[in-house]
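To start, the structure itself, in structure tokens.
Values in this text are rule-based calculations from the coordinates and carry no lab data. Just so we're clear, the structure is a prediction, and the values are computed from it rather than from any experiment. Cβ placement follows ideal geometry from the backbone for every residue including glycine, while neighbour counts extend to all protein chains displayed.
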């Protein structure tokens, strides 16, 4: 199977991968955005320089890299999110190219996809890299690929994907297959059935011939077109990077709709997104920000500094006062580390205290985040270690009594993240519109291909 | 990920701006050159002992690669082939350039470094990191290297920077260091066994006194740089201090504050005591991100549960009635039967623990079988050990690999049991060394019939090794060594309240002769008073005189004589002041003076001797040459030297004529207060100093007045003057 392909140890890309893995493991790269950018750069390098003869191989390669990244630091979900995004993009681009091939190629080739539905028995498990809904409906897919605007296929923002999915769904609806598939695939996404050949063959029952046909084009034609395809893929990844880089601004665009004049807003930590959001909002509205200092990292200090130098009236409070001050607060705005499919999220520790206090006093909690932090994962079993315990040094200090010296008998627990349940959050403000927690799963489903959920 | 082009070299891992720099090198000494772990290390090197089921070497390599080290030299003594095999199979092979250097001949860290130097593997241009026992650290040592480079740019004489951590536990091996804070220069290093472990960073304002200090013996400097060390400086870097400054710079860069703070855990595994403490620190996540659940270097996956309990994800069997109280770690495929209690311990892989057994603060390696109803407290149990039912292992015990304990055995506290018999330093493998009856009786009495293993003598009973290097190492003193063991308490040791006033040349407390203490000595020894610079030992003066006499009689070159003296100074920690006055005294003593010698005879003699040997004197006064004049003055004032006293002016003149002293230095001497007798203790002495001073002063006065162009006049004037002063 394609996913088994891995980089040779002497490949420069293997070294780059190893470097990223180790710096992830050693926490030399932290923060979702940094991780996402580093991942995108790595994948771009691989696409540019790795040797692959079929699209399968490339996808397998990227998947294996993604697997290593998630092993290196399972708490940085952004890395795998980006890998999934790019996997999907590559498929889109490839499909577009294949479709273009269909038009220009000899008549025998275009017919192959249409054989699909008529030969359900021919299952081809090796092709489950292909998107189920598009391949299984080769017949409906083809018209879609002939969409007049070629640009649409190349556009990579999440909203476009949503749009594409909608239009595709409409096309599918005429085929009436969609309901079964949707239920199947949602099932797959949210119960995380491991991608065993069995479950794959489920999909392929109705549609197996399609991928087979597409694959046939691969092996023969892909080599000819890979040279042409490469710049397209690289360009697509560039757009992902561009989108990541403008996440803060995109999120902040909606600030004036969410902040009213003379509000008192509570925040904590130092989320770059929140910072940009508040600064953008302050251009139109006058409000006050209360920042909790967020011990033991004290990131709140730097946020307060930054906001007040921008001219925003800022009050810095210790974390212990959060509950006391919440009656005066009109809104809680928090950043996120990663957002899970159920609408829950991981955020800097202390966020849970804010969210619970807000819940008690019925204040709205707004999370500002880029959509690249949306991960097709669940906090299954409420894994104890998921909140990333840090060194006790942050809490009791190394100097003087460090190394457990003065506090030998005391156990220190210092989680970096809090898990915030979906019911504590009212709204997610993202770079692609505002969504309620219950809708997150839908966005995630639309953003990534189902077979990539388990890398 | 800046480099878009095909990366050619290893540097692809680093950021683009580092590309033209030489890779950072590190040297790991795999051998400890002491015997603290010996019972556990009979068939494997110390660096491969598992800490939290991961060899110490892996932790060390992980710590080093965290510090952006690219090339590692592992210097192996015994068991080199095992270290090689480990490295070949470790994942670090891909990320680091690791080379094993094996040597059977190196008997100390100094030997090892000398040998390393001979092999020319290190890049002479760049500093390297020396790791002389396994470290666990989340501190980026490359920062220290940067600071060191900066220091060197300012002052070429900084040859080395020592890393020092503030805080931490008290440890019997903590030195006292005097540091000059603005320059971070180490002024004095004093081994301070049995004292509080915080390095005393003294902001001593009178640091000028120590301008010409010499550094006491340090494990790794000794012997390597002997001939160059004089006048060189050693800096001390307090780990973690620089983070505060760096923080401001870094805030501009895209690093979170998170990566910067808290990252200052550095510990060395030096003995069984630190082994236990560091294990618990790692489990408590002090070394984060080096924590068992964060992809431990060993590659085993652990699940973290509440209370710092780490359970391997691979088939661990826990009984429902097992009590776990953390921090603890249980290795893969281990099985704990019902009613077991595990408290703050680590269990390796494939261990089996029988029902109703209690394990407290113990470190158990791989593949150990422990029977039912055992009590195991504060001990280290080697690989493959089998322990029967109802066994009690006392605290501090070390069980070597492959030992088997029969049912009902009671292992005494601090016992060491090895698979092989104990082999002392004088052990001769040729000799058929059979166990004698007495020993066998003791063994059977303690271990019983069913056990396999030999009782080793307690650590403090071991005869002190007679190798020269360790002979006077205060850390190897039995009393101190005892405290290095696992299970010993330091809590009732109190620090002696010694003030800095002892910095004067106080009476040296009698260099405690190594007393052998009885094994039953459970009382803790008292603490030696802080003793700093008590002056060189008597041996130094004897040796120095001998070496000078040799040089004088055999007419050595000045450079060679200087080299010999320096070696001696280093070896005896004498300091160059002592050396200079010794040299000066020797050569002044060579000037023949009797009743009827005339001033011109003495002058000629002085000039002759110091023309030949003045360079030697000068080479031992790097800072202040006026000290030569003052030492001369001191010399003539000493007992038995009355005959020189009246010729002091001539002696100075001779020193001047032979270029041992220059005009400016003589003027400085004249103007300094010490020469007039300031700083002496009583009036009488002051008067004598003054008298001698007046004998020398006219010479200097005339020198000052004199113009350099008329040589003739000055000489005449001089002679007149001398006669006048008579």
Can you pull the one-decimal nm distance between simple spin-label points at residue B:604 and residue B:142, each 7 Å off the Cα toward Cβ? 7.0 nm
The stretch B:255-394: Rg to Rh, with Rh as the Kirkwood radius over Cα pairs: 1.00
Once residue B:323 and residue B:442 are pulled to full extension, the length gained, defined as 0.36 nm per residue separation minus their Cα-Cα distance, is 39.2 nm
Would you mind ranking B:671, A:418 by Cβ crowding within 10 Å, fewest neighbours first? B:671, A:418
Hey, what's the Kirkwood Rh for the stretch B:9-138 if you take every pair of different alpha carbons, in angstrom? 15.2 Å
What's the FRET efficiency of residue A:378 with residue B:338 using the Cβ-Cβ distance as r and R₀ = 56 Å, to the nearest 0.05? 0.95
Mind checking the mean number of beta-carbon atoms from other chains within 10 Å of the Cβ atoms in A:382-392? 6
Determine the distance separating the Cα centre of the stretch B:360-422 from the Cα centre of the stretch B:306-335; give it in Å without decimals. 20 Å
Rounded to 0.05, the calculated FRET efficiency for the beta carbons of residue A:253 and residue A:71 at R₀ = 22 Å is 0.05
Using a simple spin-label model with points 7 Å from Cα along the Cα→Cβ vector, what separation in nm is obtained for residue B:119 and residue A:446? 6.3 nm
Across B:276-286, the residue-averaged tally of Cβ atoms belonging to other chains within 10 Å stands at 4
I'd like the mean, over residues of A:32-43, of how many other protein chain beta carbons sit within 10 Å of each residue's own Cβ. 1
In nanometres, what is the gap between the two model label sites at residue B:663 and residue B:704, each 7 Å from Cα along Cα-to-Cβ? 1.3 nm
Take the Cβ-Cβ distance between residue B:35 and residue B:154 as r, set R0 to 41 Å, and report the resulting FRET efficiency rounded to the nearest 0.05. 0.45
Pull out the extension gain between residue B:686 and residue B:102, defined as 0.36 nm times the separation in residues minus the alpha carbon to alpha carbon distance; nm, one decimal. 204.0 nm
What are the extents of the Cα atoms of the stretch A:250-430 along their three principal axes, listed from largest to smallest and rounded to whole Å? 53, 37, 29
